[in-house]
Amino acid sequence: MSLPGGNFRRFVLVSADEQAILDALHAEAEWPRQDVVELARALDAELLSYTDLRDASMFTRGLARWVSKPVALAWLAFRRRGTFYFANAENTAIPLALLLKLRPAARVAFIGHRLTTPLKTRLIRAFNLLRQAHVVFCYSALQERHIVDRLAFPADRVRLIPFQVDERFFTPSAEPAVGRGVVSVGREMRDYPTLFAALEGTGVPVTVVASSPWSKRADETANR
């Protein structure tokens, strides 16, 4: 999908502390490219993250402390007077869309990870927040249907996309290993105890990497 016409100054917004994530990844000998960094480079865009809140105004830092970091990041981006924004999560995109009602010509594109929660659905409907959206990306068909059917957003402006993978870093082996097993990665909305219970006594090997630079959920694989 192309961007709408006009002379846009583009901003890429992230809902995680991108610099901290990059620092952690770069501690390894090799690391995959980060999608938001590559997108910012391709669009010649400014990349804003929680890291930028440290040097922001006292008011913005107060928002981060007393309201939330996503709201503060949305305010910081709004103050940059951009005309086209990209947010990689709705927790920044929703407050940003509300602020952009004061700037009707501006547009935002964002990834909707989980717009099906009652609170998000009510907020979007009550304030007609998708009016400022140029396109909404999502990772699951359930979210896609919710955006179109429940939030009444045009189907031709919703994009169901696969989760990003750096194809230069993750490449198939010339001789794939023969065998069976389960590999599961990530922490958010996972149910590893059920996975372990289902595999108990089967002899099926399982490898779990229950890490995430974003998720605040407890590691359910600890001491297992």
### Task
Within the stretch 132-145, work out how many residues are more than 27 Å from residue 102 (Cβ to Cβ) and either in contact (Cβ under 8 Å) with a residue 24 or more places away in the chain or charged (D, E, K, R) (or both).
5
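Residues to consider are 159, 114; find the one that is surrounded by 13 or more Cβ atoms within 10 Å (Cβ to Cβ), at pLDDT below 95 and of a type outside the set (A, V, I, L, M). Steps first, answer last, please.
Working: 159 fails: at pLDDT below 95.
Within the list 159, 114, the selection yields 114.
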### Task
Considering every residue within the stretch 101-109, establish whether at least one is part of a loop (DSSP other than H, G, I, E, B) and either open to solvent by less than 40 Å² (accessible area, probe 1.4 Å) or of a type in the set (Phe, Trp, Tyr) (or both).
yes
### Summary
For the stretch 166-202, the count of residues that are at pLDDT 80 or above and either over 22 Å from residue 34 (Cα atoms) or open to solvent by 100 Å² or more (accessible area, probe 1.4 Å) (or both) equals 20
### Message
Here's a check for you: in the stretch 207-224, which residue that is hydrophobic (A, V, I, L, M, F, W, C) and open to solvent by less than 60 Å² (accessible area, probe 1.4 Å) is farthest from residue 140 (Cα to Cα)?
### Response
222
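So, in the stretch 74-100, of the ones that are part of a helix (DSSP H, G or I) and more than 18 Å from residue 113 (Cα to Cα), which residue ends up most open to solvent (accessible area, probe 1.4 Å)?
Residues of the stretch 74-100 part of a helix (DSSP H, G or I): 74-79, 90-100.
Add one more test, that the residue is more than 18 Å from residue 113 (Cα to Cα), and what stays is 75-79, 98-100.
Numbers: 75: 62, 76: 17, 77: 0, 78: 25, 79: 156, 98: 79, 99: 39, 100: 0 Å².
Out of the qualifying residues, it is 79.
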### Task
Pairs only if they're at least six apart or on different chains, beta carbon under 9 angstrom, first in the stretch 43-72 and in contact (Cβ under 8 Å) with a residue 12 or more places away in the chain and open to solvent by 60 Å² or more (accessible area, probe 1.4 Å), second of a type in the set (D, E, K, R) and not in a strand (DSSP E or B); list them, first residue then second.
69/17
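Is it the case, given these coordinates, that residue 30 is surrounded by fewer than 16 Cβ atoms within 10 Å (Cβ to Cβ) and either acidic (Asp, Glu) or touching a strand residue (DSSP E or B) at 6+ places or on another chain (Cβ under 8 Å) (or both)?
Working: surrounded by fewer than 16 Cβ atoms within 10 Å (Cβ to Cβ): yes; either acidic (Asp, Glu) or touching a strand residue (DSSP E or B) at 6+ places or on another chain (Cβ under 8 Å) (or both): yes.
For residue 30, the condition - surrounded by fewer than 16 Cβ atoms within 10 Å (Cβ to Cβ) and either acidic (Asp, Glu) or touching a strand residue (DSSP E or B) at 6+ places or on another chain (Cβ under 8 Å) (or both) - is met.
The values are calculated or read from the model by the stated rules, or taken from the named source; none is laboratory data. Here the structure is a predicted model, which is why all the values come from computation and not from measurement. Every residue, glycine as well, gets a Cβ built from its backbone with ideal geometry; the counts of neighbours run over all protein chains shown. All accessible areas refer to the heavy atoms of the entire protein, side chains included, with ligands and DNA or RNA removed. Shrake-Rupley method; radii C 1.70, N 1.55, O 1.52, S 1.80 Å.
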